[in-house]
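The values are calculated or read from the model by the stated rules, or taken from the named source; none is laboratory data. Bear in mind that the values here come from a model prediction, so they are computed numbers and not experimental data. Positions of Cβ are generated from backbone atoms using ideal geometry, with glycine treated the same way; all protein chains shown enter the neighbour counts.
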Amino acid sequence: MLLGEMEEVSGLHRKSLIRLIGGDLSRKPRRRQRGLTYGLEVRQPLGVIAESLDYVCAERLQPNLVWVAEHLSQHGELEVSPALLEKLGRISVSTVRRLLKDLQKDQPRLPRKGPEEANRYTRNVPARRIPWNEQAPGHFEVDLVHHCGVSASGQYVHTVQMVDVATGWSERAATLGRSYLLMQDAFQRILARLPFPVLEIHPDNDSAFFNAHLAKFWRNAVEHLHQSRSRAWHKNDNRFVEQKNSTLVRAYLGYDRFDSVAQTNLLNQLYDRLWLYYNLFQPVMRIQEKLVISQDDGPSRIRRRYDQARTPLDRLSAAGILPSHTRAQLESLRQGTNPRQLRSEIHELLALLHRLPCAAEGQTQDVYRTLFAPPNPKKGEDTSVTLSFGRTIPVG
């Protein structure tokens, strides 16, 4: 019965099956070895093609060998023949992978330049954490919050947030996208409104913060600025701004998608009111000391003691770094602002923001209509801006 079933499945004769079962099933070497199908005439052109395409994997290289070889021959990089093109057209992925492996052994390829260029600006920026007990105001943690909804396709709104470690002072700006122009404009908006100098910026390793344009911007915008960054995959290095991402951004906006000019401008109006509400009226607590308590019957634990809750403005005033006229302006602004009415305005703007439609599919959004400081202003155009606490500055 077993032989009958094997005969039906394999199609072999019963005597052949008996002979195979009783014999050695290991593979026998060929009496006459097969010659190389793809010899030196294929290996060398394959190496040239692989180098031209920056040594992509065999799965990406094999379907494109023929047209790349023809293209390179037009530029004098490779000599092709019909026989070579025929072999390149039928070579398998596994053979390409094996030949590339042999070629890399013979001549190690140069490192790719892409990651080196991308990391050039982060390589010289130290990775550290701003101490939790930092006393001097001006050391800011920076982060970017994405408002893409369930899909990260296309352009959508981002929130740039900066939080001062010492005082809890927070700044936010909305941008429609994350290009260097928009990121620079967001920082210009924040620096124009900030009442005290920036000593340090501490973002994560996002390329939106580390590129040639923003490096030049920070060199020109702030003198003697210290730049640092979080360690890769250590989200807790930016723990203060990560916490504010939750309480001051996500708690209000949730995870909805915003991708239009109208939504961006309205969101910046909302952030103007949040600037007043949280920096002038909302008390914050800061860790005063950490005590490590050892336990004989268990692991050690940390007891944290906090200082008395005070608003960021009060902490700035106590630090003594605010000029007298700026401090008087901020105190006067707080004195003339009704926090209850301000809170109502915030929720009205939120309701209006969530009623605004997103950008229609195929509709182009003009990001220049969202800029705080548009580049190349027209001659004679007034580019000054009146800030939330009454200061007027030129931004063009």
Output the residues belonging to segment 230-241 that are under 14 Å from Asp206 (Cα atoms) and either in contact with a helix residue (DSSP H, G or I) (Cβ under 6 Å, 6 or more places away or on another chain) or surrounded by fewer than 19 Cβ atoms within 10 Å (Cβ to Cβ) (or both).
Ser230, Arg231, Ala232, Trp233, His234, Lys235
So is Ser52 hydroxyl-bearing (Ser, Thr, Tyr) and either more than 36 Å from the chain's Cα centre (by Cα) or farther than 16 Å from Leu100 by Cα (or both) or not?
no
Tell me the helices (runs of 4 or more DSSP H) entirely within segment 174-280 that contain at least 1 residues that are of a type in the set (Ser, Thr, Tyr) and over 17 Å from the mean Cα position of the chain (by Cα).
261-280
Near pairs, Cβ below 7 angstrom, 6+ apart or cross-chain, from segment 339-362 (surrounded by 13 or more Cβ atoms within 10 Å (Cβ to Cβ)) to any residue that is outside any loop (DSSP other than H, G, I, E, B) and of a type in the set (Val, Ile, Thr)
none
So which of Leu266, Leu225, Leu291, Leu214 is hydrophobic (A, V, I, L, M, F, W, C) and closer than 30 Å to Asn338 by Cα?
Leu266
Looking only at segment 287-331, and only at residues there that are touching a helix residue (DSSP H, G or I) at 6+ places or on another chain (Cβ under 9 Å) and of a type in the set (A, V, I, L, M, F, W, C), the one that is surrounded by the fewest Cβ atoms within 10 Å (Cβ to Cβ)
Leu322
Inspect segment 369-377 for any residue being surrounded by 12 or more Cβ atoms within 10 Å (Cβ to Cβ), assigned to a helix (DSSP H, G or I) and either assigned by TED's automatic domain parsing to the domain that holds Leu181 or in contact with a Ser or Thr (Cβ under 8 Å, 6 or more places away or on another chain) (or both) and give the result as yes or no.
yes
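Table: residues versus (1) part of a loop (DSSP other than H, G, I, E, B); (2) among the β-branched types (Val, Ile, Thr); (3) surrounded by 11 or more Cβ atoms within 10 Å (Cβ to Cβ).
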residue: Leu3; (1), (2), (3): no, no, yes
residue: Arg32; (1), (2), (3): yes, no, no
residue: Ile49; (1), (2), (3): no, yes, yes
residue: Asp54; (1), (2), (3): yes, no, yes
residue: Gln62; (1), (2), (3): no, no, yes
Which one of the conditions (1) surrounded by 14 or more Cβ atoms within 10 Å (Cβ to Cβ); (2) not assigned by TED's automatic domain parsing to the domain that holds Gln104 does Val68 fail to meet, given that it meets all the rest?
(2)
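Yes/no per residue for (1) exposed (fewer than 11 other Cβ atoms within 10 Å of the Cβ); (2) closer than 30 Å to Phe187 by Cβ; (3) modelled with pLDDT of 90 or more:
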| position | (1), (2), (3) |
| --- | --- |
| Arg97 | no, no, yes |
| Arg109 | no, no, no |
| Ala118 | no, yes, no |
| Ala136 | no, yes, yes |
| Val145 | no, yes, yes |
Please work out if Ser294 is of a type in the set (Ser, Thr, Tyr) and modelled with pLDDT under 90.
yes
Restricting to segment 71-94, and then to whatever is in a helix (DSSP H, G or I) and surrounded by 14 or more Cβ atoms within 10 Å (Cβ to Cβ), can you tell me which residue is nearest to the chain's Cα centre (by Cα)?
Val93
Taking only pairs six or more apart or across chains, which ones have beta-carbon atoms under 9 Å, a first residue in segment 141-160 that is outside the structural domain of Cys358 (by TED's automatic domain parsing), and a second residue that is outside any strand (DSSP E or B)?
none
